[in-house]
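Step one of this worksheet: look at the structure below.
The values are calculated or read from the model by the stated rules, or taken from the named source; none is laboratory data. Given the structure is predicted, the values throughout are model-derived calculations rather than measurements. Note: ideal-geometry Cβ built from the backbone for every residue, glycine included; neighbour counts use all protein chains shown. Remember, those area values only see protein heavy atoms, side chains included, never the ligands or the DNA or RNA. Shrake-Rupley method; radii C 1.70, N 1.55, O 1.52, S 1.80 Å.
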Amino acid sequence: MSRFVITTTLAAGLALGAVGSAQAEDIKQVYDFYCAQCHGVNGDGKGVNVTADFATDPRNFTVGAEMAKRTDEDIKGVIKDGGPSISKSPLMPPWGATLSAAQVDGLLGYIRKFAK
Amino acid sequence: MRLLAVTVSLGAALLVMASAPSYAAGGDAIFKKSCASCHYTDGPAKEKTISDQLAKKGPELWYAGSKFKKDWLVAWLQDPKPIRPMKYNSLTDPNKGDHPKQSAGDAAATADFLMCLTSPEVKAGAVKPAESAPAKAIFTKKMPCGGCHEYATKGEKHGGKSGPSLVGASKRLNPDWIYAYLANIKVFKPVRDMPDFASVLNPKDLENVAAYVATFE
């Protein structure tokens, strides 16, 4: 039994890995290109734009308790329409005209994974 | 026979020279030799993916004649101070300011060549540099322009570092180009880490912001 479980998990894992890694790599590239400049490559909110003048710290995606308060729809909405769409700082820009729906979905999954 | 060949090729060369656009002799040749390894000058925009953008060693220059002010260009090519606070395409390494320098003569010839590269997307004389309260509010508060771009107030620098610095934009950038860029960014930069603001700001706001950026010292 346990061997069966391990084998299937392994097989499923491999299958996922094969499909997933190509996508995961793409979405890492999307995140690093558009979002890391403020949220940091590691999602900690320490991007290169965050200088002394930056009035509101970009969300630290690694703080799981904060991120858990947000629904998937909230997060997708704020990515597309910017901070003011959920009464947050306009320093979070609107990306709706720049990113595809698939990229926004991918980013949602990607930033959820930073949460500890 | 040999004489004929020489005469024919000479004739052809003369013809080519006569029909070439009227930039100063040599600017395009200098560019091909010293600059084309990092900059492309044949539009429209070639980048389709993030990887295309990241593979570039320098900014595209196919609309340089619409974008830059000529006096700035001639001076900068001789003394190229950093424009982007960060190294091109990097969010971790600072710009070392190691751009190739040109002599005064080469810079003038190259600038003549670059100033001929224009985009029909840019309407001449549409935007006059002007400060306004709404534009200032957009730049510093409503839209995070200052979050990604350096700008100066009373000589003091503020703002983010991922975008090109806008300090001194009044001397460097053509106001009409700034407006065209904000209004139709995909024509110039199909792939870029600046958001498309044309669907968020109305044309009047875009024009005001462009006019405001065009005053930056």
Buried accessible area, chains B and A (both chains, 1.4 Å probe, Å² to nearest 100): 1900
Peptide-level mean, for B:161-171, of C-beta atoms on other protein chains within 10 Å: 1
Residue-normalised accessible area of the stretch A:24-114, expressed per residue, 1.4 Å probe, Å²: 48
For B:Trp76, solvent-accessible area (1.4 Å; no DNA, RNA or ligand), Å²: 40
Label zone at B:Cys116 (point 7 Å along Cα-to-Cβ), backbone N below 19 Å, the stretch B:73-93: B:73-74
Carbon + sulfur, % of accessible area of the stretch A:24-114 - ligands and nucleic acids excluded, 1.4 Å: 54
Accessible area (Å², 1.4 Å probe, nearest 10) - A:Ile86: 60
Fraction of accessible area attributable to carbon and sulfur, the stretch B:23-213 (%, probe 1.4 Å): 57
Shielded residues, the stretch A:43-62 - accessible-area loss of 10 Å² or more between chain alone and all protein chains, probe 1.4 Å: A:Val48, A:Asn49, A:Thr51, A:Asp53, A:Phe54
Residues in the stretch A:39-77 reached by a label modelled at B:Thr92 [backbone nitrogen below 11 Å; 7 Å Cα→Cβ]: A:41-42
Probe 1.4 Å - accessible area at B:Asp71, Å² to nearest ten: 130
Heavy-atom accessible area, 1.4 Å probe, ligands and nucleic acids excluded: residues of the stretch B:85-110 down by at least 10 Å² from chain alone: B:Met86, B:Leu91
Residues in the stretch A:67-97 that, when all protein chains are in place, have 40 Å² or more less accessible area than the chain alone would give (probe 1.4 Å): A:Pro90, A:Pro94, A:Ala97
Accessible surface, per residue, of chain B when the full set of protein chains is kept, probe 1.4 Å, Å²: 54
